[in-house]
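> Take a look at this one; I'll ask things after.
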Amino acid sequence: MDTSKNRLFLASLFLIGAGFILVLVFGYLEYAAHAKSVVELKKAREASSRLLGGSPVVDVTEPVALKQSNVDASQKDLEELKTHIAGLRASISGPAESRIEGNPKTTNTELSSQIKQSVDELKKLAADRDIRFVAQATDQPDFGFGRYTHSPGSAPKRDFQKVDQQRLIIEFLFKELVDSRPAPTGEYKTPLMLLGLAREPIESYTLIPEGKPGAGTYTVDGSDMSRYETEEFVPARTFRRVIKDKEGTKVVPLVDTVSFRLKFVSTTATLRSFVNRLRNSGRPFAITSVEVAPPAPEVLRTILAPIAPIAPPGAGAGPAFVDLSGFGDNNGGRPKGLPPKEERQLVIAEAPSEFTVQVDYLIVLDPKPAAPEGEPKK
């Protein structure tokens, strides 16, 4: 018996069997793929039928179908929504030409020089307009920048543009306060004393990262604020708003703010005019709080001492006077037949109060464009 022929025959049978099994496997895979395609096609046809047939929408009586007219209407609604959002952003931040923005190219050296110049100019303005400070020269306000004006050679270490923006806003706020004092009536001048103009020390802030207590809020690092309590403060109330992103891992600011606090002694008329001037300035200011308190006795003595309370005859609107010349014996000590001498004495004057006004300057942040698909998020 020839064993070589048997081996050849067995090998041929094995190859034929293996080929048959491969055909069966490939056939099954093709059938499975075809069945899957049929299921997916069926789902796609059902979805297409639902879109073409229409889907129920809230506040719409008939189902909304995927038709060209509806596509056009949706596109129009989208454009109107974008316009509405742009209008909301403009109403919060104001027109571009009226916004107060810092110099993006300023350096710490330039900023230090500009801060000193602004403080000197505002103090000169106060002297020219008879705006009082507190009695002690060492306690005079430095308009929010005492940390740098009291330390020669020091300057902000970061956020130069934001600090420069604060400098410009402080100039605007103080000038508005100065112009808010009512015009003098005769010899009577409404008192105005600045006790402090404080700012938010944003260049010293650190954002608490996610996963730690107080995440999403700010803390002050490396700054002793107790030395400059009339110059710096952390606002308890603010219009700053943040949200979580879609993944819930990152804080996304919607509206940023910088806060300022003015403390001054004057009359209600000055406060009312100041608030109205800010409201009508066209700039994105928001009053977050107003506190009223009686001034300290030493402050009241300082602010009222140099003021002349008597107005000449015929003065316009001002403090109320009453004619007391007709009272007393012998016609007030004058010969009969002569007209009484007109004398006016101040009997009612609006007492000054201490006002603390916190102001937020609103900044609407531009949304970052979405990253293209396939690119990692930064």
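Every read-out reported here was derived from the displayed coordinates using simple, explicitly stated rules and does not represent laboratory data. Remember, predicted model here, so these are calculated numbers, not experimental data. In this analysis, Cβ positions are derived from the backbone assuming ideal geometry, glycine residues included, and neighbour counts consider all displayed protein chains.
> Quick check on my link table: of Lys82/Lys162; Lys162/Lys189; Lys123/Lys162, which ones sit more than 27 Å apart, alpha carbon to alpha carbon?
Numbers: Lys82/Lys162 29 Å; Lys162/Lys189 37 Å; Lys123/Lys162 23 Å.
Those over the limit are Lys82/Lys162; Lys162/Lys189.
> Students often get this wrong, so check it: of Lys105/Lys263; Lys42/Lys76; Lys105/Lys157, which have C-alpha atoms separated by over 23 Å?
Details: Lys105/Lys263 32 Å; Lys42/Lys76 33 Å; Lys105/Lys157 14 Å.
Beyond 23 Å between Cα atoms: Lys105/Lys263; Lys42/Lys76.
> So, one more: Within a Cβ distance under 14 Å of Ala35, other residues only, what is the Lys/Arg minus Asp/Glu net charge?
On the way: positive: Lys36, Lys42, Lys43; negative: Glu30, Glu40.
Residues near Ala35 contribute +1 overall.
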